[in-house]
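The structure under discussion appears below in the form of structure tokens.
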Amino acid sequence: MKVGISGTALLTSGSMDRIIDYARGAKRDGFSSFWLGEHVTGGIDAVTALTMVGLAVPDIELGTAVVPTYPRHPMVLASQVLTASNVLRDRFTLGIGVSHATMLADLGLDLHRPVHHLQDYLEILLPLLERGEVAFNGELLSCRARTFVHPQGRCSVVVAALGPQMLKLAGTMTDGTSLSWVGPRTIREHIRPLLEAAAGAANRSAPRIIATVPVCVTNDVDKMRQSVSRYLSFYGDLPSYRAVMSREGVREASELCVIGSEAEVRDILGTYAEAGVTDLAAVELQSGTESSERTRSMLKEIALRGC
């Protein structure tokens, strides 16, 4: 399991300087990748931000985890990604996802037929990234367009997928999945088998499983878990996350945060590797200078030596 760092928590700061500095530190400390999400209702654009990071920080994979699809036509996203690929070359991974009904409602959008939407989306996006042209008339999306082709081929594309239909789509059409708020049991018993079966049936190579996981090394576990519980409680109200939390046997998102001593955190992260996670995107939860330093030190050790 490769270990990377997620900088998504910095998006609300609105500061590219902070994001670039954070990515530079991840590279310096030996992490394999740096990831940014994107808020449905606005803020820093993840693809543009990672392009700027790539200009400043060489030789580290950069990826989105994830870009919401409904607000952006696949032709628009393809143009943006192809432009970014001119800078990032072969070290960019595009993660996309349909998001959630309550979040899309803030934009006046409906989460209408999400599986069909995503399939149409990929039928447009992938040919544009691979061949530079597409002529597709789908049930929900259509596009006739021609653009340029990146000389090194298309970037890696993964999909946020939790349900069986989405996992089948991810395994059949893309390079894997990008997960948030999903525990190791769910990955081992649900995500990985369905994803690998779909990829195998489509004669695709073994899929990536990228897991974004909040991590904190601290002596005061209860205090930290209570702190994060206050601002993570709404995830339990989202149907797709509520389903996987039930499958995992937890009641709320804070229970999926990996919090404890160095040994405890290392052991739990080891279960993610055993479950089939290929790439860990660690969100470093903040709990004071000492705790932050211990968390980074432990993650560096895992990145260097493995779980």
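The values are calculated or read from the model by the stated rules, or taken from the named source; none is laboratory data. A quick note: this is a predicted structure, and the numbers were derived from the prediction, not measured. With ideal geometry, Cβ positions are generated from the backbone for all residues, glycine too; neighbour counts draw on all protein chains shown. The area values use the complete protein model at the heavy-atom level, side chains included, leaving out ligands, DNA and RNA. Shrake-Rupley method; radii C 1.70, N 1.55, O 1.52, S 1.80 Å.
Structure summary
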quantity	calculated
Residues of the range 118-135 satisfying the condition of being open to solvent by less than 60 Å² (accessible area, probe 1.4 Å) and in contact with a Lys or Arg (Cβ under 8 Å, 6 or more places away or on another chain)	126, 129, 132, 134
Residue list for the range 244-263, restricted to those being in contact with a helix residue (DSSP H, G or I) (Cβ under 9 Å, 6 or more places away or on another chain), more than 13 Å from residue 302 (Cα to Cα) and open to solvent by 20 Å² or more (accessible area, probe 1.4 Å)	247, 248, 249, 250, 251, 252, 255, 261
Tally of residues being farther than 21 Å from residue 299 by Cα, in a loop (DSSP other than H, G, I, E, B), touching a residue at least 40 places away in the same chain (Cβ under 8 Å) and out of contact with any strand residue (DSSP E or B) (no Cβ under 8 Å at 6 or more places or on another chain) across the range 163-205	1
Pairs, first on the phi > 0 side of the Ramachandran plot in the range 92-120, second crowded, with 21+ Cβ neighbours inside 10 Å and assigned to a loop (DSSP other than H, G, I, E, B), C-beta under 8 Å, six or more apart	99/69
Lone unmet requirement of (1) closer than 23 Å to residue 100 by Cβ; (2) out of contact with any Phe, Trp or Tyr (no Cβ under 8 Å at 6 or more places or on another chain) for residue 293	(1)
Matching helices (runs of 4 or more DSSP H) fully within the range 212-277 where at least 3 residues are small (Gly, Ala, Ser)	239-248, 262-275
Those residues of the range 278-289 which are under 11 Å from residue 213 (Cβ atoms) and either part of a strand (DSSP E or B) or open to solvent by 20 Å² or more (accessible area, probe 1.4 Å) (or both), in sequence order	279, 280, 281, 282, 283, 284
Hits in the range 9-44 (condition: over 26 Å from residue 302 (Cβ atoms), open to solvent by less than 40 Å² (accessible area, probe 1.4 Å) and of a type in the set (Asp, Glu))	38
Flag if residue 115 is surrounded by 15 or more Cβ atoms within 10 Å (Cβ to Cβ), hydrophobic (A, V, I, L, M, F, W, C) and touching a Leu at 6+ places or on another chain (Cβ under 6 Å)	no
